[in-house]
There are 2 protein chains.
Amino acid sequence: MPSYAAPLDDLRFLINDLFDMPNDPDVPGTADVTPDLIDAVLEGGAKICEQVFQPLNQSGDAEGCTWDNGVVRTPVGFKAAFDEYVGGGWHTLSLDPAWGGQGLPFFLSMAMTEMTVASNHALSTYIGLTSAVIGSLRGFGTDELKNTYIPPMVEGRWTGTMNLTEPHCGTDLRLMRTKAVPQDDGTYRVTGTKIFITGGEHDLAENIVHMVLAKIPGEDEGLGAVNLFLVPKFLVNEDGSLGPRNGVTCGSIENKMGIRGSATAVLHYEDAVGYRVGGDRAEKQGSNGKGSSKGMAGMFAMMNAARLGVGMQGMALSEVAYQNAASYAKERLAGRSLTGPKHPDLPADPIIVHPDVRRMLLHIRSFTEGARALAMFAGQQIAKAGRQSDEETRKAASDLAMLLTPTIKAYFTDMGFDCVNMAMQCFGGHGYVKDHGMEQFVRDARILQLYEGANGVQALDLVGRRLPTNQGEAVRALFAMIQKFVDDHKDDADMKPFVDPVQDGLNRLIGASAWLAQHAPANRDEAGAGASDYLKLLGTVLFGYMWARMAAVAQARLAAGEGDKAFLEMKLHCACYWMTRMMPETALLAERVAAGADTLMAPEAAAF
Amino acid sequence: MPSYAAPLDDLRFLINDLFDMPNDPDVPGTADVTPDLIDAVLEGGAKICEQVFQPLNQSGDAEGCTWDNGVVRTPVGFKAAFDEYVGGGWHTLSLDPAWGGQGLPFFLSMAMTEMTVASNHALSTYIGLTSAVIGSLRGFGTDELKNTYIPPMVEGRWTGTMNLTEPHCGTDLRLMRTKAVPQDDGTYRVTGTKIFITGGEHDLAENIVHMVLAKIPGEDEGLGAVNLFLVPKFLVNEDGSLGPRNGVTCGSIENKMGIRGSATAVLHYEDAVGYRVGGDRAEKQGSNGKGSSKGMAGMFAMMNAARLGVGMQGMALSEVAYQNAASYAKERLAGRSLTGPKHPDLPADPIIVHPDVRRMLLHIRSFTEGARALAMFAGQQIAKAGRQSDEETRKAASDLAMLLTPTIKAYFTDMGFDCVNMAMQCFGGHGYVKDHGMEQFVRDARILQLYEGANGVQALDLVGRRLPTNQGEAVRALFAMIQKFVDDHKDDADMKPFVDPVQDGLNRLIGASAWLAQHAPANRDEAGAGASDYLKLLGTVLFGYMWARMAAVAQARLAAGEGDKAFLEMKLHCACYWMTRMMPETALLAERVAAGADTLMAPEAAAF
């Protein structure tokens, strides 16, 4: 059975030493937050994840969810664990106290996101979506909707869902068929079938708040007709008590590869009462010149938050898989070190003596810790962008967050899946049997590359939409930020092994960006052909930047005799791994971007 | 539900056009083989795989094997399918007719290996191991063992297994505890526990022939004490009829991630009667200077064959996953081509219009077809090495096979797993639910990187043992072979896009080999640190060589107006993909090899 210990040392290193977040005036909610409070929250959160969530992870997978005539039961223990978590207010750590939240800084809720996923990915999905719906309603709901639906979700009595996909329609929302017909009383009647609805039906909560995309008939038949509606499972009386069942039923749940404790529902809406969210038309946006509703903006805001969350899931699963692989590698005896026995007293050396095992572990660890740093950095930008800071700071943070969101979603989940697999590989054949729990991490992690927009779609979003915005203003600011760090440290001999590879990677990233800017306008397939490699290139360079920053802090603290020496030295080892083994890949990725579309587009479709 | 059509066109291209195998005097069994016979065998084999094996693949996974008090039941339908297959003699196509085989050339049995795995990986495991045990007995068994045990396996009434692993002991056979105590009558009594025994217990056959590694007490306690024993499930009377049950019982079967229709048994041996296989001591071998038994040589021969087979499994699963992904991509509608609608009559374009989808499909296909070619090439070398040809030809083929075996095992299964995942990715979220069958391919393929020696062990075997043999004579011959092809075609302008990248890759491979030869003798960790990347580098260059050869043949046939134009043009498209997107990776891999061991070995074990 796998184990999990929340990586509190690394979180403290990021929060305090790398980003000094408690003293960042642009991060909301830090004013009253003392180091002791941060520690208390991290330790309390770690405790519930380690002791309540994690022990249910394997049993939840083995049991799965069950569907019986529209009623869905979650695995044994999920309800009690869910109640304890939401009862403690852990899902609303950084929510405004005016809405019942704790008003703590974002980085604490990010730490909780990681810990809940690492300890129980399936169970965490119900929580993450509820937080996302609260956030969306706060931003785009009417006062009446907010006052009716937010408090029970904050109290953990109700949960939330996002409803986008239909059987024939995933990424391409234009194809949507679900209809929302306006009623005289201002409500809508929603009819259609939605699939892949995470937490769409379950027994954890009294009511479920579905956020549903649907078309209003008679309006523009394209994307412009798509609006966002709140459709509760049970209608709500004026006093907030539950009324009759609304016209939404769960037709079935999916039999999936993983996250088997997370109910993925098919929902049939039939004249269900819905309330429009963000009914006003937003400013015109997008290259097609069509306006879309504020509700769509609300859905997109929710999806951006969800994408960062999904990226973090890749990091979280990589962390727990790493911990178990490292433990196994230090215990399992096989063979002798190539340079002579390291434990002659034992019948064989532990496999951690083998360079190839260390290569795998360092790969996973340098990904995981690099990802944790970049996620925190992205969260910091999102927090700054949402705050009434000066406009220049706000715009810079917002631009960075725009670029980071799809990159983190796709890069963290592609790399995270590879890393979880590598951790399983450290177990040899034992990794393939269910007992050790490693294969569950692989099955669970596999959804990450698919949900919240398949990774290829993230790459196209990055390269096709986000990169060219304002003639690449955002990405140029990002280049300048990294260049500044390199310039600031290039005369420091100790930092040379860290800044030189970053400079090389940055140059290649700039070159690939220029190639796209030059070629994509004439043939948009060039952008599509290079999108995935470009995203990976950007991710690799961003990790290099994070590792160089972490190396600088680690070196400074070691020189000052501060902090945990072994911890800081391991940071430098991981930074070295990233620089020597991962940064060279930037050359390959840039070459692939510039390989262009011709080879890909040449075959006739029928030839495939 | 997924579909499968055996890739007969590609097999014919390889057999006839690329390798001209029916006319190769060094390939046994080709004398009487007419093109019509080859076609008949391929088509008959395809039919049973497509129509009998494949329909049981999903149901076999859903049902799995069951264990009840030592008795193991395979999924519904497996027994009838197995009987039909072995009853038709499909598992002994290239076995010597003197032993009841069909005496057909090896390439037909290789084609069958691929088709059985692609259509039903779990079911194929029982067959593949039985063939391996027949081969091992033929090479190393006494006449009595051969005459008793081979015919019932040829008839398909009995099956075979390999028993190496014990709970505490996988790769490191020195740690083995299973004992074989000599008896006065020349037999042995075998006692111990073996795990991960594929087909170790089941209901497909009347008897099971276990090939078991065990130590003879009192001999050298290291590897030298390990010998190979044949231990039947039921003892066999002199007339060949079944006698009493032997002292081997199935304690349980593993609950695994995939290949759930393949019974992976824990076998308890308690004073089981065993017969030594290859009892004489072989010549001294290995760097430790210890002699090992001929039985061990027999096991290693069986393992080499099994490694090629496992590599082919990666290719086979990639093929079937590709077929389903390509079909889906041509049917599923979402979005519009970036360069304008390609099907304005439809509500959206099929996703095959998107460059990133094509990138994934071309990646999978160029791997799969490159792998099929290289596997056939390796099989050709093995066939030549086993034939009484002239010594120079035999030695060259044997050396090549020595290098190709671990490379194919690890490279095909790492790439195969990635490709199967990519095929699943083409389905978006639909790939994650069981209905489409894509996630089963992923779960099934994941074992390949683990069994028959984890891929890291293959890499170390390649770099640590096979590469340095005779001062690198074998790999230098391989370099010369590729260089000759490049030189022969470098003045052909049409071939320039194919030979230039191969030349670059070859140069990098030579450089990485020189780096290892220079550094590894002084510090063997340098070999371990670069092993996996070196293996990948070798694999990438070998695929480049295969694709360049295939491109040359395709161009020649197109120029001559021969063959299927669309098929040959797609060959060139795939070759272009490999050259432009994959060959550049050789620079990265060579750089990683030369990155050395320091970064990996620097951290204390406790720091992980």
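What the table below lists for this structure:
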{"read-out": "Reachable aspartates and glutamates, given that their alpha-carbon falls under 14 Å from the alpha-carbon of A:Lys233 and they are not under 8 places away in the same chain", "value": "A:Glu201, A:Asp203, A:Glu206, A:Glu270, A:Asp271"}
{"read-out": "Whether region B:88-179 is rounded, prolate or oblate, judged on the alpha carbon gyration tensor where a/c under 1.5 counts as rounded", "value": "oblate"}
{"read-out": "Chain B: angle of helix B:355-385 to the longest principal axis, Cα-based, in degrees nearest 10", "value": "50"}
{"read-out": "Difference of contour (0.36 nm per residue) and Cα-Cα distance, B:Lys47 to B:Lys496", "value": "157.6 nm"}
{"read-out": "For peptides B:32-41, B:10-19, sequence by mean Cβ density within 10 Å, most packed first", "value": "B:10-19, B:32-41"}
{"read-out": "Förster radius 22 Å - calculated FRET efficiency between B:Asn69 and B:Asp203 (Cβ-Cβ, nearest 0.05)", "value": "0.95"}
{"read-out": "Label distances, nm, B:Asp390 versus same residue in remaining copies, Cβ-directed 7 Å point", "value": "8.4"}
{"read-out": "Global form of region A:1-143, assessed from the alpha-carbon gyration tensor, a/c cut-off 1.5", "value": "oblate"}
{"read-out": "Chain A - mean residue ellipticity at 222 nm from DSSP helices (-39,500 (n - 2.57) per run, n ≥ 4, rounded to 500)", "value": "-17000 deg cm²/dmol"}
{"read-out": "Closest approach to the axis - chain A beta-carbon, rotation onto B, Å", "value": "A:Leu588, 2"}
{"read-out": "Between region A:451-476 and region A:1-76, the alpha-carbon center distance in angstrom", "value": "30"}
{"read-out": "Residues whose placed amide H lies under 5 Å from that of A:Ala334, excluding near-sequence neighbours", "value": "A:Asp349, A:Ile351"}
{"read-out": "Student exercise, region B:173-280 dipole from Lys, Arg, Asp, Glu Cβ charges, in Debye to nearest 20", "value": "520"}
{"read-out": "Spin-label pair B:Ala62/B:Ala522, simplified geometry with 7 Å Cα→Cβ offset, distance in nm", "value": "6.2"}
{"read-out": "For the protein assembly as shown, accessible area per residue (1.4 Å probe, heavy atoms of protein chains only), Å²", "value": "35"}
{"read-out": "Set A:Lys256/B:Lys256; A:Lys256/B:Lys47; A:Lys194/A:Lys256 screened for pairs whose C-alpha atoms are more than 24 Å apart", "value": "A:Lys256/B:Lys47"}
{"read-out": "Förster-model FRET efficiency, 60 Å R0, A:Phe300 and B:Asp598, C-beta, rounded to 0.05", "value": "0.80"}
{"read-out": "In region B:134-203, chymotrypsin sites (Phe, Trp or Tyr not before Pro) in a DSSP loop with at most 12 other beta-carbon atoms within 10 Å", "value": "none"}
{"read-out": "Overall dimensions of chain B as given by Cα atoms, namely Rg and Dmax in Å", "value": "24.3, 84"}
{"read-out": "Rounded accessible area of A:Glu43 (nearest 10 Å², 1.4 Å probe)", "value": "100"}
{"read-out": "Order of exposure, largest accessible area first, which applies to B:Leu317, B:Leu460 with probe 1.4 Å", "value": "B:Leu460, B:Leu317"}
{"read-out": "Longest to shortest principal axis, alpha-carbon extents of region A:158-296, angstrom", "value": "43, 42, 21"}
{"read-out": "Cα gyration tensor category, rounded, prolate or oblate, for the protein assembly as shown with a/c compared to 1.5", "value": "prolate"}
{"read-out": "Cα centroid separation - region B:107-179 against region B:492-537, whole Å", "value": "34"}
{"read-out": "Computed over chain A: relative contact order in percent, which uses C-alpha pairs under 8 Å that are six or more apart", "value": "12"}
{"read-out": "For region B:123-225, alpha-carbon Rg and Dmax in angstrom", "value": "14.4, 40"}
{"read-out": "0 to 90° range, to nearest 10: angle between helix B:565-577 axis and chain B longest Cα axis", "value": "80"}
{"read-out": "Per-residue HN-Hα couplings for region B:230-245 [Karplus 6.51, -1.76, 1.60; θ = phi - 60°; Hz; x = Gly/Pro]", "value": "9, 10, x, 4, 10, 5, 10, 6, 4, 7, x, 6, 6, x, x, 5"}
{"read-out": "Solvent exposure ordering (accessible area, 1.4 Å, most first) of A:Thr586, B:Thr469", "value": "B:Thr469, A:Thr586"}
{"read-out": "Cα-centred dipole magnitude for region B:18-169, charges only on beta-carbon of K, R (+1) and D, E (-1), debye, nearest 20", "value": "460"}
{"read-out": "Carbon + sulfur, % of accessible area of region A:25-133 - ligands and nucleic acids excluded, 1.4 Å", "value": "54"}
{"read-out": "Å³ per residue enclosed by the Cα convex hull of region B:469-602", "value": "100"}
{"read-out": "Size of electric dipole in chain A: Cβ of Lys, Arg +1 and of Asp, Glu -1, about Cα centre, debye, nearest 20", "value": "920"}
{"read-out": "For residues of A:342-349, the mean tally of beta carbons on other chains within 10 Å", "value": "2"}
{"read-out": "³J(HN,Hα) computed for each position of region A:404-421 - Karplus, 6.51 cos²θ - 1.76 cosθ + 1.60, integer Hz, glycine/proline x", "value": "6, 4, x, 5, 5, 4, 7, 5, 5, 7, 5, 5, x, 4, 4, 5, 4, 5"}
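The values are calculated or read from the model by the stated rules, or taken from the named source; none is laboratory data. All figures in this text were calculated on a predicted structure; none of them were measured in a lab. With ideal geometry, Cβ positions are generated from the backbone for all residues, glycine too; neighbour counts draw on all protein chains shown. Quick note on the areas: whole protein, heavy atoms, side chains included, nothing else; ligands and nucleic acids left out. Shrake-Rupley method; radii C 1.70, N 1.55, O 1.52, S 1.80 Å.
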